[in-house]
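> Below is a structure I'd like to ask you about.
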Amino acid sequence: MNMSSSKKWLALAGVLCGAIAAALAYFGNPANMAFCIACFIRDTAGALGLQTTATVQYARPEIIGLVLGAFAISVATKEYRSTAGSSPAIRFVLGIIIVIGSLVFLGCPLRMVIRMSAGDLNAWVALIGFAGGVATGVVALKKGFTLGRAHVTNRMAGGVLPVLMLGILALLIFVPSILKFSETGPGSMHAPLVLSLVGGLLFGAFAQKSRMCFAGSLRDVFLMKNFDLLCVIAGLFVVMLIYNIAMGNFKLAFDTPGVIAHSEHLWNILGMYTVGFAAVLAGGCPLRQLILAGQGSSDSAFTVAGMFIGAALAHNFGLAASATAVNAETGEVVAGAVPFYGKVAVIICIIACFIIAFGNKRSEGK
Amino acid sequence: MKTVDARGLSCPEPIMLTDQALKESNEQVKVLVTEPHQKMNVEKLAKSKGLSYTSNETEDGFEVIIR
């Protein structure tokens, strides 16, 4: 079975991944987060002590499972290729940028779609920015943007990130006391470890076979009028929509306390603009970076490392947005907001994207 | 025969370079790629243009010959 060969299989892969995300939300993951890559990398960075926000620390087995699932399926289907050398330092910076943009919006592209399926209008607003960012990246591609060639390298190099993920899993199972665990907040909400791990492994395998990519799906529509990858996202959206309606989670609104979102429209748009732009330059969204790293790309492993550092910076420097919430004492709704430094960081990230996008031309990379 | 060396390039560069080469000439185009999904994407592009193709595995990836 080749999942990337027909729209039917691609949509089915999206449906299966949506079902996994819904199941994990049902069994304990934060409802509207379900399977957010940026949030879960941020939580894992917190568990490792890279950032110290007490409410977002948990070594998410989903992240470990995604990388290991992609690794296992790519080895089994002979798609594992150990490659490296395509501007790793720039990819590291793009990883930082992707996560800062995500944490200003409060979610990666996957969570944006999950939030859209729950009726969160802030996510629909952010989609405008995301599409704009992808479109800007497409303009750069048409102008000859490239990060240069990766080269096949020794087989062990591509296995480094999977082994590191295995190491985090070993700590989580055998010496959990060495890691940090949130007692309250989103980090304290999680499905049982085994379910999260199995869910991550399956999601990783399906995502690897279907080439699921949130930035790639729009990029291919803009660039080539190709809707293949969009079928995967549509499948996932439909399943999450059905789940949210069935569970009574669907609320068509802007101010939604408990959802972990804010209604600063400009910054929702600019946050996801940053993510869309940087993801096209890096060759894929946060999910795709984990999958590519799992199937042997050291360059994507650098992007993943950048995402961990970006998450640490976003929380240590107070760049991440706060969510709209209800004050427990007064019962009043307190609007979530993007901190001043978060806004400055997003603008710096957008400038950095433009420099990278129009400063790396194909003629130089030969 | 025109050769597009897209080995090691990130998506969607192999497709863009192939598309450009097909537009620029009417001769056969040989595309070299590293990853299996890139080979498939090049094949899909050929198919969408109504062109025939043959694919082979090479030492460091794949070659797709179009037309």
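Any read-out appearing in this document is the output of simple, stated calculations on the displayed coordinates, not a laboratory observation. Just so it is clear, the model here is predicted, and its values are computed rather than measured. Heads up, the Cβs are rebuilt from the backbone with ideal geometry, glycines too, and the neighbour counts pull from every protein chain shown.
> Percent antiparallel among DSSP beta bridges with both residues in the protein assembly as shown, to the nearest 5? Spell out each step's value before the answer.
Working: 16 of 22 bridges.
Looking only at bridges with both residues in the protein assembly as shown, the antiparallel portion is about 75 percent.
> Comparing A:Ala34, A:Ala352, A:Ala59, which has the greatest mean-square fluctuation in the GNM of chain A with Cα pairs linked when under 10 Å apart?
A:Ala352
> Here is a further query. All other residues with a Cβ under 13 Å from the Cβ of A:Gly14 taken together, and with Lys, Arg as +1 and Asp, Glu as -1, what is their net charge? Don't skip to the end; give the middle numbers.
Details: positive: A:Lys7, A:Lys8, A:Lys209, A:Arg211; negative: A:Asp228.
Result for the neighbourhood of A:Gly14: +3.
> Can you tell me the length gained on complete extension of the stretch A:Phe227 to A:Lys251, counting 0.36 nm per residue apart and subtracting the Cα distance?
Working: separation 24, 0.36 × 24 = 8.64 nm, distance 2.85 nm.
Once the chain is fully extended between A:Phe227 and A:Lys251, it gains 5.8 nm.
> If you split all Cα-Cα distances of region A:275-349 into 10 Å bins from zero, what percentages do you get per bin, shortest first?
Histogram of Cα-Cα distances, whole percents per bin: 17, 35, 28, 14, 5, 0.
> Going 7 Å from the Cα of A:Val139 in the Cα-to-Cβ direction, what parts of region A:268-288 have a backbone nitrogen less than 19 Å from that spot?
A:269-283
> Counting each pair of different Cα atoms once, what's the Kirkwood radius of region B:2-66 in Å, rounded to one decimal?
Details: mean 1/r = 0.0886 Å⁻¹.
Its Kirkwood hydrodynamic radius stands at 11.3 Å.
> Can you give the Rg to Rh ratio for the protein assembly as shown, taking only C-alpha atoms and Rh from Kirkwood?
Values: Rg = 20.7 Å, Rh = 21.5 Å.
With Rh from the inverse mean 1/r over Cα pairs, Rg/Rh is 0.96.
> If you project the alpha carbons of region A:142-205 onto the principal axes, what extent comes out on each, in Å, largest first?
Taking the Cα atoms of region A:142-205, the three principal extents are 48, 31, 24 Å.
> Springs between alpha-carbon atoms under 10 Å, Gaussian network over chain A: tell me which of A:His315, A:His151, A:His190 tops the mean-square fluctuations.
A:His151
> With just the Cα atoms defining each centre, how far is region A:301-345 from chain B? Give it in Å.
If you average the Cα positions of each part, the centres end up 43 Å apart.
> Ok, one more. I'd like to verify something in chain A: which complete DSSP H helices, judged by Cα projection on the helix axis, reach 20 Å or more and average at least 0.0 on the Kyte-Doolittle scale? List each step's numbers first, then the result.
Working: long enough: A:7-26 (28 Å, 1.41); A:61-76 (22 Å, 1.94); A:88-105 (26 Å, 2.36); A:121-142 (32 Å, 1.54); A:160-174 (21 Å, 2.98); A:193-210 (25 Å, 1.47); A:228-246 (28 Å, 2.28); A:265-282 (25 Å, 1.33); A:298-316 (27 Å, 0.83); A:340-359 (28 Å, 2.41).
Those that pass (Cα extent of 20 Å or more, hydropathy at least 0.0) are A:7-26, A:61-76, A:88-105, A:121-142, A:160-174, A:193-210, A:228-246, A:265-282, A:298-316, A:340-359.
> If you don't mind, another one. Report, to the nearest 10°, how far helix B:36-48 tilts away from the longest principal axis of the Cα atoms in chain B, using its own Cα long axis and a range of 0 to 90°.
The angle comes out near 10 degrees.
> Now a separate question. Are any of the pairs A:Lys8/B:Lys47; A:Lys361/B:Lys30; A:Lys8/A:Lys225 more than 21 Å apart by Cα-Cα distance, and if so, which? Walk me through the intermediate numbers first.
Details: A:Lys8/B:Lys47 18 Å; A:Lys361/B:Lys30 23 Å; A:Lys8/A:Lys225 18 Å.
From the list (A:Lys8/B:Lys47; A:Lys361/B:Lys30; A:Lys8/A:Lys225), the Cα-Cα distance tops 21 Å for A:Lys361/B:Lys30.
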